[in-house]
Amino acid sequence: MSDNQNLLAEQRRALILDEVRRRGGVRVNELTRRLKVSDMTVRRDLDALARQGMVEKVHGGAVPVSEPSAHEPGFEAKSALELSAKEDIARAAAEMAAPGSAIALAGGTTAFALAQQLLEVPDLTVVTNSVRVADVFYTAQRAAASGGGPRAGAATVVLTGGVRTPSDTLVGPVADAAIRSLHFDVLFLGVHGISVEAGLSTPNLAEAETNRHFVRSARRVVVVADHTKWGTVGLSSFATLDQVAVLVTDSGLPAEARAEFAELPPELVVAGEEPVAADI
């Protein structure tokens, strides 16, 4: 009987941990309803998860354990997270790229997903500091060439130079100089973190400076970020929210964040949801 109770506890804690990571936090009363157990049982489960360093307890519930502000996960580690959300965001953001325009695509796994959606937008000029993003376009061009020549309207891609980060982006003075000399219709920008206080932030100081040049060189800034980025703050801020025209995110963005965004300058686009009509 004791072993069975332990197994059930492990199952509950796995479900709780999944909810915390997926939603960015949970409340005790929500968990009691969902799991059909007492407040005391949920609190014991949260205590156990907190002791293991899996969650951080807060008043009334739990949130994910905060990463150090200078921690920068690699591309492969990030690419496995929030896959469906990134695909939804990419499809919504691709509609904002007009044929024949000059766009910039900064690094990150959401920008990588967006690059794949942009392959069908004709006559783009794409400037990127992401090795992965550039490779999406180069691979498509090679595939078209092997079938008898590049397809009409294929994107022209410019890859900046620079020092490679764990996220496979090129940053530093060489990248900054290249970006400063250019002007973009739209910048599509993935971020490590976004918050009201810190704006857009990254754990990499050199990447922050390169992103500042991207933002300054763009007529319109579109941030592509899944809901887990909300409330995360990296070591260095590089833009305020009033410099952002649009935030494209996914339906996992919690109600509290949506309420905050209603008071902020950027237009909020939630991929997969119909826009709410404004009152006339």
Built amide H within the under 5 Å cut-off of Val55, gap 5+: Ala50
Would you pull out the residues with amide H under 5 Å of Val157's amide H, same chain only if 5 or more places away, H placed 1.01 Å from N? Val126
Could you work out the relative contact order of the chain? I mean the mean sequence separation of Cα pairs under 8 Å and 6+ apart, divided by the number of residues, in percent. 16 percent
Using a 1.4 angstrom probe on heavy atoms only, work out the carbon and sulfur share of the accessible area of segment 183-280 in %. 51 percent
What does the accessible area per residue of the chain come to in Å², with a 1.4 Å probe and no ligands, DNA or RNA counted? 51 Å²
Whole-number percent relative contact order across segment 153-269, with pairs defined as alpha carbons under 8 Å at least 6 apart: 23 percent
List the relative contact order of segment 86-197 as a percent without decimals, with contacts defined as Cα pairs under 8 Å and 6+ residues apart. 30 percent
Which is the longest stretch in the chain that no exposed loop site breaks, taking sites as GluC sites (Glu not before Pro) with a DSSP loop state and at most 11 other Cβ atoms within 10 Å? 96-196
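Wrap a convex hull around the Cα atoms of the chain, take a quarter of its surface area, and give that in square nanometres.
18.3 nm²
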Interchain or sequence-distant (5+) residues whose placed amide H lies within less than 5 Å of the amide H of Ala239 are Leu200
Theoretical gain in end-to-end length, Thr32 to Val174 [0.36 nm per residue, Cα-Cα removed]: 45.7 nm
Mind ranking Arg219, Arg132, Arg34 by accessible surface for me, highest first, 1.4 Å probe? Arg219, Arg34, Arg132
Past the 19 angstrom mark, what percentage of all C-alpha to C-alpha distances in segment 113-271 do you count? 57 percent
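The values are calculated or read from the model by the stated rules, or taken from the named source; none is laboratory data. Fair warning: this is a prediction, and the values are worked out from it, not measured in the lab. With ideal geometry, Cβ positions are generated from the backbone for all residues, glycine too; neighbour counts draw on all protein chains shown. Protein only, heavy atoms only, side chains kept; ligands, DNA and RNA dropped before computing areas. Shrake-Rupley method; radii C 1.70, N 1.55, O 1.52, S 1.80 Å.
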